[in-house]
Structure formats: structure tokens, C-alpha cells
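Reviewing the structure listed below.
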Amino acid sequence: MISVVLATFNEEKNITQCLESVKDWADEIIVVDGASVDQTRKLAKKFNAKVIEVTNKPNFHINKQMAIDKAKGNLILQLDADEVVDEELCGFIQHINQKLNNKPNAVKNSAWWLKRKNLFLGHWLKKGGQYPDPVIRLFIKGKASLPMRDIHEQMKVIGKTGWADGHLLHYSNPCFKDYCRKFKKYTDFKANQLIENGLKINLITATQYLLIKPIATFLKLFIRHKGFVDGIYGFLFAFFSGLHHPMAYLKIIRSNYARTN
């Protein structure tokens with residue numbers, strides 16, 4: 001039995017495309033929805049998904065883990081609503097499920113790395129750390145879980161991991177408006193995380209977050225990871241990735257100012 005699990009929040013423009021890619025072979029679809037105010041839940045139910053409405057968490061991995069915990073299948077695929085499973089990956093997942101049903105001892109891995117193609121402003125990125133962008137999303141029930149400490153963390157796996165055939169097509173930032181929305185969400189979370197970790201506002205941290213970290217991030221993505229291969233798209237992705245650090249830092253300053261005034 002294959003369970004496909006998602007955590008969603010206002011994903012009406014993405015969820016149909018996502019679930020269309022798995023509907024023919026998923027035995028169970030579970031959607032934990034963080035109180036969406038659009039048509040997300042209604043659209044998910046058209047695919048006979050089991051929809052569970054909860055609050056929207058700043059760390060949405062909490063809702064992802066909740067969806068994983070609700071799954072009944074012995075093979076679980078965890079997706080984001082802006083991801084689509086390509087044909088080759090569909091075949092791989094069904095093959096693993098068949099092996100689990102017929103010869104479970106022949107399956108040596110507990111989980112599998114999936115390669116992702118990331119869409120940025122209408123361009124599929126080839127470099128800059130964005131391909132193959134491996135993520136652990138396919139696993140045997142009880143063998144993987146999310147630590148739920150960060151929004152970019154990987155699954156913790158009990159046992160061996162392998163590589164899946166095919167790709168996840170990640171329609172993450174098809175336009176600049178989508179990128180800005182996620183940029184705000186991620187920098188809000190990072191600022192709160194830094195506050196919780198007790199980051200002090202002083203000359204040293206200002207130099208780190210306003211100068212050193214953004215430059216280092218840009219050079220890492222654009223030079224070391226060859227983002228220049230993607231031309232202007234690679235440049236923009238590296239540039240805005242670097243801006244995450246100063247933006248989060250400035251949000252801490254604003255938060256501190258608001259508390260003292």
C-alpha cells in the first residue's frame with residue numbers, strides 16, 4: 001500500500017497538478033491543511049484525499065510529520081503541493097511497492113533520495129546547488145521522520161538509503177511574486193530562530209549578517225556550485241539567496257525596536 005502525504009496552506013493553484021501526478025497509483029492520499037482560506041481542501045477532496053484541518057505552523061514540518069504519522073501504507077511518499085512526480089519516478093515507486101508486497105526481504109533500503117528539478121522564474125536551474133537537489137521523501141513506514149527543528153532539514157532515517165529513478169519537478173518559484181512570498185516566510189522563520197538562539201545585535205554580528213554571510217552565500221552558489229551556468233537566472237538566485245541573511249538580521253533589529261518603543 002502506498003500513502004502519499006502532504007502538508008498544505010493556500011495551495012489551490014498547485015495542488016491539482018501535484019495530485020494528478022499520483023492519483024493513478026496512490027492507495028491513500030493524506031492532506032494536513034494549515035487552515036487554508038482558499039480552495040485547497042476542496043480541491044484535495046476531489047482526489048478522495050483524507051483532509052485534516054489544523055493550524056498553520058511557522059515551521060510547517062510539524063504538519064508534514066503529522067501527515068506522515070497518519071499514513072497507513074507500508075510505503076510513504078511525502079510531497080509538497082508545488083511538486084509533481086515525473087513518469088520515471090512513478091514507475092520506480094510502484095516497483096518498490098511491488099517488491100515490498102512480494103519479496104520484502106529483497107528491499108534493502110529504508111528510504112530513498114529523490115532528485116529534484118527546481119523552477120526559478122520560468123527556468124529549470126541546472127546548477128547553483130539546485131540540481132539534483134536531493135531530498136529524502138520516499139521511505140518505508142516507521143523508518144524515517146522529520147526532526148521538526150528547521151524548515152530546510154532532511155529526514156532522519158533508520159537504516160540504509162538509496163537513490164530513486166526519475167525526478168520531482170519542483171514548481172517552487174515560477175514567478176517573482178511567488179519567490180517574494182516564500183522569501184518573506186523563510187526570513188521571518190530565520191529571524192525568529194536567531195532570536196530564540198539568543199543572537200546579539202552588535203558590530204560583530206552586523207558584519208557577519210550584513211556583509212560576510214551574504215557575500216559567502218552568493219560566491220558559494222554562483223561560483224563554487226557553478227550557478228553561472230544558468231546565466232542571469234543563476235545570478236539572481238545566488239543574489240537573492242545571499243539576501244536572506246541581512247533581511248533576517250534587519251527583522252531582528254525591527255523586532256527589538258518594536259519591543260523597546
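Below, the figures for the structure above:
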| quantity | calculated |
| --- | --- |
| Cross-link reach list, aspartates and glutamates versus Lys190, counting only Cα pairs under 16 Å and skipping chain neighbours closer than eight places | Asp150, Glu153 |
| Potential extension, Trp163-Phe176 segment - 0.36 nm per residue separation minus Cα distance | 1.5 nm |
| In Hz, Karplus ³J(HN,Hα) per residue of the stretch 143-148 (6.51, -1.76, 1.60; θ = phi - 60°; x = Gly, Pro) | 9, 8, 7, 9, x, 6 |
| Residue-by-residue Karplus 3J(HN,Hα) for the stretch 181-189, coefficients 6.51, -1.76, 1.60, Hz, glycine and proline x | 4, 6, 4, 5, 4, 5, 6, 4, 5 |
| Candidate lysines for bridging to Lys220, where Cα separation is under 17 Å - those fewer than 8 sequence places away on the same chain excluded | Lys126, Lys127 |
| Rounded, prolate or oblate (a/c below 1.5 giving rounded, otherwise prolate when a/b exceeds b/c) for the stretch 25-137 by Cα gyration tensor | oblate |
| Pairwise label distance in nanometres, Lys23 with Lys220, each label 7 Å out on the Cα-Cβ vector | 4.1 |
| Sorted by Cβ neighbour density within 10 Å, fewest at the top, the residues Asp80, Asp188 | Asp188, Asp80 |
| Residue order, fewest to most beta carbons within 10 Å, for Thr217, Thr205 | Thr205, Thr217 |
| Asn59-Ser255 pseudo-label distance in nm [points 7 Å out on the Cα-to-Cβ vector] | 1.4 |
| Whole-Å semi-axes of the chain's equivalent ellipsoid (Cα gyration tensor) | 34, 21, 18 |
| Value at 222 nm in deg cm²/dmol, rounded to 500, when DSSP H runs of n ≥ 4 in the chain each add -39,500 (n - 2.57) | -12000 deg cm²/dmol |
| Amide H contacts under 5 Å for Leu121, placed H, 5+ residues apart | Asn173, Cys175 |
| Inter-label distance, nm, simple model (7 Å from Cα along the C-beta direction), Leu199/Tyr186 | 1.4 |
| Restraint check, Lys72/Lys108; Lys156/Lys213; Lys42/Lys70; Lys23/Lys185, Cα-Cα greater than 25 Å | Lys156/Lys213; Lys23/Lys185 |
| For the stretch 199-261 and the stretch 1-77, distance of Cα centres in Å | 32 |
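Each value in this text was obtained by applying a stated rule to the coordinates, not by laboratory testing. In this text the structure is predicted, and so the values were computed from the model without any measurement. Note: ideal-geometry Cβ built from the backbone for every residue, glycine included; neighbour counts use all protein chains shown.
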